[in-house]
There are 2 protein chains.
Amino acid sequence: MGTEDLRRARTNVRANVRRVPGPCAQWKDEDADFIREVLDLVGDKWSVLIIGTLADGPIRYSHLADAIPGISQRMLTLTLKHLQRTGLINRTSYPEVPPRVEYALTELGTSLLSTVLALAAWSADHHAEIRRRQAAYDRDTGG
Amino acid sequence: MGTEDLRRARTNVRANVRRVPGPCAQWKDEDADFIREVLDLVGDKWSVLIIGTLADGPIRYSHLADAIPGISQRMLTLTLKHLQRTGLINRTSYPEVPPRVEYALTELGTSLLSTVLALAAWSADHHAEIRRRQAAYDRDTGG
DNA sequence: CGGTATCCCACATGATACTG
DNA sequence: CAGTATCATGTGGGATACCG
């Protein structure tokens, strides 16, 4: 990314902050709220993994548990409820024996999916550089 | 978003999951790692707000504290160190009295900024719908 | 001014056991 | 199969005081 891009990015962001009296910018309350809102949604340990798994189509509770290594029943249930409450996923239970329950992304959830995958892509693009810089920092700092 | 978009989104994401034997997809370890990595970076309470504030240009420690309502000195220092270690921001201290320290986004940080702002924009676009759905869920569930 | 050091706690998550 | 209920715990983060 060149200097010009950096300038453009700053200009774009500057539209999101408010000039307050004096030399210092401050977050508009609502913008900070939006950031907090989306972080509450996907900032936890499991939401994004669940959303990503559901991208493959409707899937049952037990298959979600299999697809997401390390998740506990408790956290799977809790996170699913959270996502359902927010309208990101739908829960459909079929009155059969044995019981069957399927979860699926809503359109809202799908629209969020693309955005968080962009974040994951950023991580994939830069994780090598990140590791290099962390190692350098630790070397300079720790010894 | 229409059905066609939804299908496309699913197709895009399906490239990120691995077909395992049997009917169920599972996260590739490295993809889950990328998600965890970026969540560790920006999933906390203050990182994104700091990054967004720095978008306005280099800024001093005390001005950061003013620009981000509610942050404690401890968390400001801690989060700045974290972001610096990852290479998202630079710290420059000027040997004057009184001391002056400025923080600025690196190009890496700026590239992340655009992506997290997309998330904030998603939140801004959908927060009304989200609130509606949460209220409906609570009504249906709670009473 | 720009931090550290220390104490403290709420809460997110995990483990385990039980149920319709 | 698809959950609940209960207990245990690690830690993210706030408050406060102090330091170069």
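Values in this text are rule-based calculations from the coordinates and carry no lab data. This is a predicted model, so every value here is computed, not measured. Note that each Cβ is placed from the backbone with ideal geometry, even for glycine, and that neighbours are counted across all protein chains shown.
Determine which chain B residue has its Cβ at minimum distance from the rotation axis mapping B onto A, giving the value in whole Å.
So the chain B residue sitting closest to the axis is B:Gly43, 2.
Would you mind listing the distances between the A:Ala128 label point and the same position in each other copy? Use 7 Å along Cα-to-C-beta, nm, one decimal, shortest first.
In nanometres, ordered from closest: 4.5.
What FRET efficiency would be calculated for the residue pair A:Asp29, A:Asp140, taking the C-beta separation as r and a Förster radius of 22 Å, to the nearest 0.05? It would help to have the intermediate numbers written out before the result.
Numbers: r = 38 Å, r/R0 = 1.73.
Using R0 = 22 Å, I get an efficiency of 0.05.
Return the long-range amide H neighbours of A:Ile89 (sequence gap of 5 or more, or a different chain), with a cut-off of under 5 Å between placed amide H atoms.
Those qualifying (amide H under 5 Å, at least 5 residues apart or on another chain) are A:Gln84, A:Thr106.
Under the 0.36 nm per residue contour assumption, what length would be gained going from the current alpha-carbon distance of B:Arg132 and B:Arg91 to full extension?
On the way: separation 41, 0.36 × 41 = 14.76 nm, distance 4.29 nm.
The B:Arg132-B:Arg91 span can extend by a further 10.5 nm.
Shielding by partners for A:120-133, please: the mean number of other protein chain Cβ atoms within 10 Å of each residue's Cβ.
Numbers: counts 11, 4, 11, 13, 8, 2, 10, 5, 0, 3, 8, 3, 1, 7.
For peptide A:120-133, the averaged partner shielding equals 6.
Go through region A:47-61 residue by residue and turn each phi into a ³J(HN,Hα) via Karplus (6.51, -1.76, 1.60, θ = phi - 60°); whole Hz please, and just put x for glycine and proline.
3J(HN,Hα) across region A:47-61, in whole Hz: 3, 5, 5, 5, 4, x, 5, 5, 4, 7, x, x, 8, 7, 3.
What does the highest-first list of B:40-53, A:123-136 look like by mean Cβ count within 10 Å?
On the way: B:40-53: 20.9, A:123-136: 14.8.
The most tightly packed comes first, giving B:40-53, A:123-136.
DSSP loop (so not H, G, I, E, B), at most 13 other Cβ within 10 Å: list which GluC sites (Glu not before Pro) in region A:24-110 pass both filters. Can you show the working numbers first?
On the way: sites: A:Glu30, A:Glu37, A:Glu96, A:Glu102, A:Glu107; in loops: A:Glu96.
Qualifying residues, ordered by number: A:Glu96.
Which distances, in nm and shortest first, link the B:Ser93 label point to the same label point in every other copy, taking 7 Å along Cα→Cβ?
5.9
With just the Cα atoms of region A:43-141, tell me how far they stretch along each of the three principal axes, in Å, largest first.
Largest to smallest, the principal-axis extents are 61, 27, 20 Å.
Taking the Cα centroid of region A:27-89 and of region B:96-121, what is the distance between the two, rounded to the nearest whole Å?
Computed from Cα coordinates, the inter-centre distance equals 28 Å.
Starting from a label point 7 Å past Cα on the Cβ side, list the distances from A:Arg74 to the same position in the other copies, nm, shortest first.
Between copies, matching label points for A:Arg74 lie 2.5 nm apart.
What is the mean number of Cβ atoms from other protein chains located within 10 Å of the Cβ atom of each residue in peptide B:34-47, rounded to a whole number?
Working: counts 10, 13, 5, 9, 12, 12, 1, 5, 6, 7, 2, 4, 0, 2.
What the average comes to for B:34-47 is 6.
Short version: ³J(HN,Hα) in whole Hz for each residue of region A:91-103, in order, from phi by Karplus 6.51 cos²θ - 1.76 cosθ + 1.60 (θ = phi - 60°), x for Gly and Pro, what are they?
My calculation for region A:91-103 gives 10, 10, 10, 9, x, 10, 10, x, x, 10, 10, 10, 10 Hz in order.
Per residue of B:56-66, how many C-beta atoms from partner chains lie within 10 Å of its own C-beta, taken as a mean?
Values: counts 9, 3, 0, 3, 2, 0, 1, 5, 1, 1, 5.
Across the residues of B:56-66, the mean count of other-chain Cβ atoms within 10 Å is 3.
For an R0 of 30 angstrom, estimate the FRET efficiency from the Cβ-Cβ distance between B:Asp125 and B:Arg36 and round to the nearest 0.05.
Numbers: r = 26 Å, r/R0 = 0.87.
With R0 = 30 Å, the Cβ-Cβ based efficiency is 0.70.
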